[in-house]
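The structure appears right after this line, and notes come after that.
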Amino acid sequence: MAALHEEPAEVAAAQPDPEAGTPPPPPAVPPAAAAAAAASAAAPATAAEGEAAGAGGDAAPPKPAAPGPAASPAALDRQTLVAVLQFLRRSNLRESEEILRREARLLGDDLGAAALSPASAGLLGGSGSDADSGEALLGRGTSAAAVAIGGSVATVATSSPGVAAVAAVPPGKVGGAVVVEDQPDVSAVLSAYNQQGDPTLYEEYYSGLKHFIECSLDCHRAELSQLFYPLFVHMYLELVYNQHESEAKSFFERFHGDQECYYQDDLRVLSSLTKKEHMKGNETMLDFRTSKFVLRISRDSYQLLKRHLQEKQNNQIWNIVQEHLYIDIFDGMPRSKQQIDAMVGSLAGEAKREANKAKVFFGLLKEPEFDVPLDDEDEEGENEEGKPKKKKPKKDNVGSKSKKQDPNAPPQNRIPLPELKDSDKLDKVMNMKEAARRVRLGPECLPSICFYTFLNAYQGLTAVDITDDSSMIVGGFADSTVRVWSVTPKKLRSVKTAADLSLIDKESDDVLERIMDEKTASELKILYGHSGPVYGTSFSPDRNYLLSCSEDGTVRLWSLQTFTCLVGYKGHNYPVWDTQFSPYGYYFVSGGHDRVARLWATDHYQPLRIFAGHLADVTCTRFHPNSNYIATGSADRTIRLWDVLNGNCVRIFTGHKGPIHSLAFSPNGRFLATGATDGRVLLWDIGHGLMVGELKGHTDTIYALRFSRDGEILASGSMDNTVRLWDAVKAFEDLETDDFTTATGHINLPENSQDLLLGTYMTKSTPVVHLHFTRRNLLLAAGAYSSQ
């Protein structure tokens, strides 16, 4: 095994949980990877036997070792191993002790004669009784189906007769105590990319594993092939870090062509890192070094891999597996190549299954009940006999929806929502009356599409939004302006000046009309304030306010009564890519280049929640229809669902092969559709945390997704200048959401994109950047004409 350097390794302080809604720390030097205590001097098998146990406890901080002559790396490895064996003996864990000693080829006499060294004593938790140290290291239980590998000090315990388990302690922590940097013995054990293996053998190690995997049975080959990419990246970085530049270049040129096509963008970044200095401060490299790449593998395939690495004594590869990968083991049949390909592709591999097990209240909140007055004029029409008969049951349906409580809905007061004003109630009544006239869409009744083309948009159209009642449309432009148009005959009016308002009779019935200035009414209003391109816009549900976000790092709130800026929200330090109002108003979300999404309230100048966890830019955001959750899409090729109440990440969806640019929740709140640069629309079941559909057809980035008002049709708009309509009802029927599928991720996506595609509508030369269904299910689309 390669000797470890004794130079002090940089150990980062413990970092907050990235999914707990706290701001992320500035990019720091990642924690030095901790060598597995049980495997430091022995064959790799002991580091990951069985299931992972939760590490924790309250052991006292280790006392600094007394200064003394520097020990050799081999001696340190032996001291560590002996310390672990003595601990197991004192804890009466004879079986685990026997396994470890046999694997390490250490005789019982050696163990009996050895004394616990200061380094080993510090490593095992310092002060405290034997029982306390044991509890601190071993935690209080073992998880059911995952093996945590790498980046942790591991000790072997026994959870049941004949089963060995591993207790993992987070990097930089030992038994709840932070490892102090000035301990030379511990820093010699902890190292990142500093193994100094023989650089000339890296190609041999990798090609040997590649040959083994390619010659294994078909059922195992697909699963084990997932190792190629993360091992390739870390072996290359290890060579670069240790300044073996020529070997690194040779290694990259020989094996980079073997990687999956969807990693090409990452490999392009990797190829530019040819010196150790290049790695410092590079965000992509920090991601690879600090976050573990997650692989989901069946137990049979994992045992096959472990046996191979043991037989070949391939410690270099095993060290990387331990320190930089998280292998999520499940019991059952291995997954097929198709099942694996559907789920992989993100920057950090697949999501851990535990990440998608939290309960999500995806149901809709109970709507307040209103008496919807029947308008006699509405009932007179072309079809005098048929029309009222069709409409009456629809009105009953609208009323009945508000009376039933959805069993999957969150408690009504789970998060505070604004009270409805009289104007809101009036708008809801109008909405219900519109819904009564709504066209029922389906395969036999497709919507009409009205396309708004922005001509001569030399300023560069970057964002579009349309009000819920389809009366106004807004465009954000690269010249930093926000332009609002009226798309009805009614012109945009602003409130009169203070001098003019003083002349108005405040008690008159039509005071709201009188305060509006007819002289300045126009079809277009231009809003100035941003100092960079405007990348996101969003109307409030009541149409009184407008949000815009920009490259200047701010989100601005504009009044649509005065067409002036009310507030500039400053929290992001870098460009803000998207912003979105809650369906109930008051709250809004923003996401940007700083990799976090922020939840705001219009009357607070500081964010209420910071959702941190993405490994790259947050490119798009969307509120769940019940406003209790927020979905974010990222350039790390994952989608996350966050709980507004506590800031926790409750779902992580992987499967896209490019940055995510569009999100849409189904009207019933149960499903999520996502679109990305890979030209695919993926459908997700939020309750079970599963991918349930894949819609192929677009040939370019999908920037717009929208469900029809009743959820029967899904519309997608792309940079390929097309709008496509999909049968959402058929896509979501007969879903496989049994316990086995949920537990293992054995999803079987039918190849039925062509069956679900209801229509493709091309523009002349206009990329589609926004879609909107009116209250009567007319589809509105928008984009800027491109002469290229």
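The values are calculated or read from the model by the stated rules, or taken from the named source; none is laboratory data. Computed from a predicted model, the values in this text were never measured in an experiment. With ideal geometry, Cβ positions are generated from the backbone for all residues, glycine too; neighbour counts draw on all protein chains shown. Surface accessibility is based on the protein's heavy atoms, side chains included, excluding ligands, DNA and RNA. Shrake-Rupley method; radii C 1.70, N 1.55, O 1.52, S 1.80 Å.
In the complete set of protein chains, residue-level accessible area for LEU417 is approximately 50 Å², probe 1.4 angstrom. Placing +1 on the Cβ of every Lys and Arg and -1 on the Cβ of every Asp and Glu, with no other charges, gives the range 524-634 a dipole of roughly 120 debye about its Cα centre.
Overall shape: oblate for the range 629-721, with the ratio a/c of the largest to smallest alpha carbon gyration tensor axis at 1.5 or above and b/c at least equal to a/b. Dividing the Cα radius of gyration of the range 650-788 by 2.2 N^0.38 Å, with N the residue count, gives 1.04. Each residue of the range 519-529 was assigned a 3J(HN,Hα) from its phi angle through the Karplus curve 6.51 cos²θ - 1.76 cosθ + 1.60 (θ = phi - 60°); the sequence is 5, 9, 5, 7, 6, 9, 10, 10, 10, 10, x Hz, with glycine and proline shown as x. From the Cα gyration tensor of the range 280-357, with a ≥ b ≥ c the square roots of its eigenvalues, which class applies: rounded if a/c is under 1.5, or else prolate if a/b is larger than b/c, or else oblate? Since a/c reaches 1.5 but b/c is at least a/b, the shape of the range 280-357 is classed as oblate. Available extension along the chain between GLU245 and TYR458 is 72.0 nm, counting 0.36 nm per residue and deducting the alpha carbon span. Close amide-amide hydrogen proximity is noted between GLY759 and LEU725, each under 5 Å apart and 5 or more residues distant or on a separate chain (H modeled in the peptide plane; Pro and chain starts excluded). The charge dipole of the range 641-788, taken about its Cα centre with unit charges on the Cβ atoms of Lys, Arg (+1), Asp and Glu (-1) only, comes to about 740 debye.
Going by a ≥ b ≥ c, the root eigenvalues of the Cα gyration tensor, does the range 566-619 fall in the rounded group (a/c under 1.5), the prolate group (a/b larger than b/c) or the oblate group? Taking the square roots of the gyration eigenvalues as a ≥ b ≥ c, the range 566-619 is prolate. Charging the Cβ of each Asp and Glu at -1 and of each Lys and Arg at +1, and nothing else, the dipole of the range 416-492 about its Cα centre rounds to 280 debye. Grouping the Cα pair distances of the range 220-283 into 5 Å bins from zero gives a pair-distance distribution of 3, 17, 30, 24, 15, 7, 3, 1 percent in increasing distance order. In the structure shown, the pairs LYS249/LYS276; LYS428/LYS519; LYS696/LYS730; LYS210/LYS276; LYS292/LYS352; LYS490/LYS519 are assessed against 19 Å; a Cα-Cα span above that value is assigned to LYS428/LYS519; LYS210/LYS276.
When the convex hull of its Cα atoms is viewed from all sides, the range 538-586 shows a mean projected area of 3.3 nm². Can you find, among VAL344, HIS324, ASN314, the residue farthest towards the positive end of the dipole of the range 314-357? Put +1 on the C-beta of Lys and Arg, -1 on that of Asp and Glu. Value: VAL344. Note on the range 611-654: Cα-Cα pairs beyond 15 Å make up 33% of the total pair count. Can you work out the PRE-style zone for SER531? Point 7 Å along Cα to Cβ, and I want the residues of the range 572-616 with backbone N under 17 Å. Output list for this probe position: 572-576.
ARG776 sits with roughly 90 Å² accessible to a 1.4 Å probe, with DNA, RNA and ligands left out of the calculation. Each residue of the range 609-614 was assigned a 3J(HN,Hα) from its phi angle through the Karplus expression (A = 6.51, B = -1.76, C = 1.60, θ = phi - 60°), giving 9, 10, 9, 10, x, 5 Hz with x at Gly and Pro.
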